[in-house]
Amino acid sequence: MWPGRQAVGTIVAIIVCLLAASLEGQQAPVGARSAILTVADEDGQPVAGALVTVVEPGAGPLRFSTGDNGRAGFTVPGGQAYRIVVARTGFYPATVEDADPKLDEVHVTLVHQQIVQEQVTVQASTPGIDPQQTSDVETLNLDEIVNVPYPTSRDIRNLLAYAPGIVQDTSGQPHLAGSETWATLTMLDGFEIRSPFAGQLSLRVSADAVRSIDRELTRYPAEYGRASGGVIAFHSGMGDNQFRFNATNFVPSYEDKNGLRFDKFVPRVTFSGPLVRDRAWFFDGAEAEFDSNYIQELPAGADTNPLARGSNLLRMQANLTPRRIMSAGLLANGYHSPYEGLSSLVPRAATTARSTIAWLPFARLQQSFGKGALLDAGVGVLRIRDGYEPHGASPFEITPEQSEGSYFEALTGRSQRVEANAALYLPDFRAAGQHAVKVGAEMNFVRFGEEATRAPVSYLREDGTLERQSTFPALAPFTRHNAEAGAFVEDRWAAGRGFLLEPGLRLDWDEIVRRRFVSPRLAAAWSPAKAHGGTRISAGVGLYEEHTQLEYLGRALLGERNDTWYAADGVTPTGPTVETWFMAAYGDLRVPRALNWSASVEQKLPGAFLLQANFLRKRFTQGLTYALSGPAAPLGGTYVLTSGRTDTDTMEEVDLRHDFEGGAVFGAYTHSSARTNAGIDSVPTVSLLGAQQAGPLSWDTPNNFLSWGWLPVPLGRLRQHWDLVYAFDWRTGFPYTPVHADYEVAGAVGSRRFPANVDLSPGLEWRFHVWRSYIGLRGVIENITNSRNALVVNSCVDSPQFGTLSEFEGRAITARIRLIGQKP
């Protein structure tokens with residue numbers, strides 16, 4: 001049940017009470033004065049969210065964090081020299097001893113964590129509680145990226161499923177707190193990388209090129225607009241004044257499935273260093289993949305898909321002046337799959353040959369001004385060309401067991417997004433506390449087009465007779481454009497000791513819906529002074545608008561479908577041909593939006609344990625969906641694009657983390673629900689048929705427990721060179737919908753489920769020196785319990801094989817060899 005206004009009022013009341021508690025008795029001591037702390041990395045980039053502790057002799061510690069511009073104002077309690085400790089996960093901590101109390105501004109440099117620190121191991125900062133973090137941020141840093149043995153570790157996107165609140169569906173797409181993938185704003189170095197047309201996370205970047213990943217489920221600021229589901233932000237590396245070279249998996253791997261066979265070859269290389277020392281640097285991360293994709297249920301000789309793919313990320317940065325930083329980059333992707341879609345239910349003949357090319361050039365300028373003002377502006381152009389074609393021209397048939405013949409469609413699609421954004425960080429000022437105001441704007445110009453040819457699709461009964469046939473009139477190529485504009489203002493208000501309030505406001509408009517949408521947001525965090533930084537309570541409520549999902553508009557441009565049903569003889573039509581049209585009345589559409597409210601508590605426990613509990617409720621309304629309109633045949637008619645979709649997502653999650661020297665252990669339990677009133681997603685080609693009904697979304701998994709960790713082998717000298725690693729994931733199986741042979745829904749949407757998924761993958765890693773290089777050898781037993789985690793199910797109730805599972809994960813031994821670095 002959706003609590004609505006009562007819940008929103010409760011959250012606002014909590015924020016007001018926290019503000020009152022923090023302001024009580026908060027007066028600066030006599031002789032206190034203000035100062036500004038600026039934190040930047042080794043290349044001069046501002047470091048946001050750095051945890052700062054200021055200690056003066058005879059006074060209690062003062063704790064705060066830097067804002068998005070790497071700056072923070074604080075009060076020096078008295079006239080004595082004081083000590084500053086700055087830490088942030090992903091960096092090595094820095095300490096300033098005997099800071100001069102007369103200085104108005106203090107500068108601190110944090111150095112990024114490296115995979116190996118030459119000669120002497122330096123412990124990186126461990127995760128802690130940021131007393132001034134209002135958003136629900138989970139950061140996967142270099143330690144997690146390198147050490148967590150997530151499945152198919154060649155693809156960094158698979159690591160996302162090991163952050164609480166993210167579910168990865170059967171196609172590999174992430175879903176944050178129950179949302180659609182297209183509802184998640186996915187970025188690389190501040191630029192959007194979700195597909196301009198389909199909204200999927202379709203671009204890849206080498207796992208070795210990623211320095212950290214942030215995921216925000218809720219309470220994210222107004223800066224992030226046109227995304228109601230959350231934020232995923234990939235941050236890549238950059239060179240410094242030392243040349244660095246790393247390589248991973250430069251030998252092929254094999255697997256034991258019906259004999260020893262080639263599995264994959266996925267070499268990755270990164271190279272970085274200075275262009276001009278102390279002024280300009282570069283970073284390049286390249287990967288290639290050659291994969292056999294073996295399906296053991298298929299006949300020998302036709303059971304593999306030898307796909308190839310690759311990506312390269314090149315970045316450069318130049319500090320033109322001490323106040324001006326220019327950066328630019330290019331991400332390029334290539335993909336070719338000769339038998340795309342190969343599975344136990346889709347043999348080679350029914351697959352397609354698919355090729356995709358994508359590239360994203362981007363540039364960014366950062367200009368700082370006096371008193372801490374900073375302008376950050378960027379522009380990027382994402383282009384994707386995606387196409388596939390069938391093998392041969394034999395009739396395409398869908399039987400109760402599998403697909404047969406040549407696929408019915410050949411398609412070429414092109415999409416593009418030109419993105420420009422700018423943000424201005426104003427100088428901090430004091431007014432009943434410290435304020436850091438940020439204003440910004442963005443523009444997106446999107447274009448997409450398709451060319452497609454289609455042959456008939458035949459649906460056969462179990463006895464081989466024709467039950468239904470779909471035909472498609474000739475389709476002319478089409479293109480469509482959209483323009484999006486948005487502006488925001490947000491304030492980071494340190495209202496009292498330990499209390500932070502973040503109000504924000506966005507205004508958005510796009511060319512298709514042609515309606516302005518205002519989305520206010522309010523979040524707060526409180527860290528009680530008596531808790532000495534060991535407790536944080538945060539809460540927030542906000543209205544989050546959603547972008548116009550262009551894939552829905554594309555369906556209205558795909559022409560009509562004509563369906564004919566046949567009697568038991570497979571020859572005699574049972575009635576006239578049913579014409580199905582998809583139409584969009586743009587003037588009647590509304591802006592999709594979500595009302596999102598949440599609260600969380602973080603608590604440090606004895607023994608370096610960190611406990612966190614999160615609670616989230618989200619109601620997505622006015623979503624795009626197609627609904628039958630007017631007089632309609634039972635299984636077809638005119639579908640009109642409406643704003644009638646409503647989703648309700650809930651999540652309760654608790655996690656516990658323990659960090660120690662050389663290792664970390666993490667565990668989390670999540671209880672969630674993801675439901676919609678539009679359980680049948682109708683499309684013009686091969687689609688489920690039947691009256692619209694409510695049900696769970698296909699990635700709904702009510703219970704999920706995950707854990708991962710790495711720790712030194714606790715045996716004498718082995719402790720310095722050997723690590724134990726593991727990853728564990730248990731979740732409720734995904735729902736699926738039973739259908740008849742003609743694809744008519746049989747019963748309720750999502751009424752069946754896969755069995756629970758259980759995956760335990762332990763491993764060992766050995767690090768040693770060879771000549772001047774560091775080498776890491778890792779072996780992991782994936783799914784060591786040999787749980788029958790199936791990827792495919794026969795959902796046709798007319799088949800004797802209904803409910804039969806296939807493509808089981810099985811047990812596998814994988815190896816990784818990494819050239820970790822080079823000694824000088």
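The values are calculated or read from the model by the stated rules, or taken from the named source; none is laboratory data. All of these numbers come straight from a predicted model, not from anything done at the bench. In this analysis, Cβ positions are derived from the backbone assuming ideal geometry, glycine residues included, and neighbour counts consider all displayed protein chains. Accessible surface is based on the protein model in full, side chains and every heavy atom, while ligands, DNA and RNA are left aside. Shrake-Rupley method; radii C 1.70, N 1.55, O 1.52, S 1.80 Å.
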Just to check your reading of the model, which residue among L313, L298, L360 is out of contact with any strand residue (DSSP E or B) (no Cβ under 8 Å at 6 or more places or on another chain) and open to solvent by less than 50 Å² (accessible area, probe 1.4 Å)? L298
Give me the strands (runs of 3 or more DSSP E) completely within the range 576-638, filtered to those with at least 2 residues that are more than 30 Å from A691 (Cα to Cα), touching a residue at least 40 places away in the same chain (Cβ under 8 Å) and aliphatic (A, V, I, L, M), ordered by residue number. 593-605, 609-633
Could you go through the range 661-668 and let me know if any residue there is open to solvent by 40 Å² or more (accessible area, probe 1.4 Å), acidic (D, E) and either over 22 Å from the mean Cα position of the chain (by Cα) or within 28 Å of S600 (Cα to Cα) (or both). yes
Name the residues in the range 126-144 that are part of a helix (DSSP H, G or I) and surrounded by fewer than 20 Cβ atoms within 10 Å (Cβ to Cβ), would you? L142
Go through the range 69-115 residue by residue and tally those that are within 27 Å of D491 (Cβ to Cβ) and modelled with pLDDT under 85. 6
Looking at the range 503-536 only, could you name the residues that are open to solvent by 40 Å² or more (accessible area, probe 1.4 Å), at pLDDT below 95 and of a type outside the set (F, W, Y)? E511, R514, R515, R516, V518, A529, K530, H532
Show me the strands (runs of 3 or more DSSP E) entirely contained within the range 171-236 in which 1 or more residues are in contact (Cβ under 8 Å) with a residue 24 or more places away in the chain and among the charged types (D, E, K, R). 210-216
Considering each of G372, G378 in turn, give the residue that is in contact with a Ser or Thr (Cβ under 8 Å, 6 or more places away or on another chain), open to solvent by less than 30 Å² (accessible area, probe 1.4 Å) and of a type outside the set (D, E, K, R). G372
If we scan the range 715-730, do we find a residue that is over 26 Å from R788 (Cα atoms), polar (S, T, N, Q), open to solvent by 10 Å² or more (accessible area, probe 1.4 Å) and touching a residue at least 24 places away in the same chain (Cβ under 8 Å)? no
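Residue-by-condition table, conditions (1) in a strand (DSSP E or B); (2) closer than 28 Å to D189 by Cα; (3) open to solvent by 50 Å² or more (accessible area, probe 1.4 Å):
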| residue | (1), (2), (3) |
| --- | --- |
| G413 | yes, yes, no |
| L424 | yes, yes, yes |
| K438 | yes, yes, no |
| E450 | yes, no, no |
| L475 | no, no, no |
| H481 | yes, yes, yes |
Checking H769 against (1) assigned to a strand (DSSP E or B); (2) touching a residue at least 60 places away in the same chain (Cβ under 8 Å); (3) open to solvent by 40 Å² or more (accessible area, probe 1.4 Å), which single condition isn't satisfied? (2)
Inside the range 145-164, can you point out the residues that are touching a residue at least 60 places away in the same chain (Cβ under 8 Å), open to solvent by less than 10 Å² (accessible area, probe 1.4 Å) and either assigned to a helix (DSSP H, G or I) or farther than 26 Å from A812 by Cα (or both)? I156, L160
Restrict the check to the range 322-332 and report whether at least one residue is among the aliphatic types (A, V, I, L, M), within 22 Å of the chain's Cα centre (by Cα), within 28 Å of A247 (Cβ to Cβ) and crowded, with 19+ Cβ neighbours inside 10 Å. yes
Test T814 against the criterion of being more than 26 Å from the chain's Cα centre (by Cα), at negative phi, open to solvent by 30 Å² or more (accessible area, probe 1.4 Å) and among the hydroxyl-bearing types (S, T, Y), and give yes or no. no
